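Accompanying notes for the structure given below.
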Amino acid sequence: MPKFLVTYHGGDMPESAEGREQAIAAFAAGAGATGEALVDPGAPLGPSKTVTIDSVADDVAQGPPTGYSVLDAADLDSAVDLVRSHPFIGRGGSLQVSQAMAP
């Protein structure tokens, strides 16, 4: 079955401890809703760099990913359906789903 990389873009974490706890609980519930399709729940990402044939630059790409997850799904539409109601979207973020290509 193909794998799909879901990257998280934007969406601030709440500033209060209670808000962060609620966001973490909502993320866990959203992850649980994908069932066994969630291969790797991922992790937040730190600073990023964009590598091109000519250069390596800090944050040149529009909206660098701030986290990721890996899903198993039959096809791209199925992978998108699994994350359509993800709570990260409700926090103002967006998710990009990309099929991982075999090396």
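Brief remarks on what is shown
- Each residue, His9 and Ala100, gets one label point 7 Å from its Cα in the Cβ direction; the gap between the two is 2.1 nm.
- Inter-label distance, nm, simple model (7 Å from Cα along the C-beta direction), Ser85/Glu36: 2.2
- Shape of segment 1-47, Cα gyration tensor, a/c cut at 1.5: oblate
- Segment 78-91 - phi-based ³J(HN,Hα) in whole Hz, Karplus 6.51/-1.76/1.60, Gly and Pro as x: 5, 5, 4, 4, 5, 10, 4, 10, 4, x, 4, 5, x, 8
- Order of exposure, largest accessible area first, which applies to Ile89, Ile24 with probe 1.4 Å: Ile24, Ile89
- With each label modelled as a point 7 angstrom along the Cα→C-beta vector, the Glu18-Ser78 pair spans 4.2 nm.
The values are calculated or read from the model by the stated rules, or taken from the named source; none is laboratory data. Fair warning: this is a prediction, and the values are worked out from it, not measured in the lab. Reconstructed Cβ throughout: ideal geometry from the backbone, glycine too, with neighbour counts over all protein chains shown. Keep in mind that these areas ignore ligands, DNA and RNA; they rest on the heavy atoms of the full protein, side chains included. Shrake-Rupley method; radii C 1.70, N 1.55, O 1.52, S 1.80 Å.
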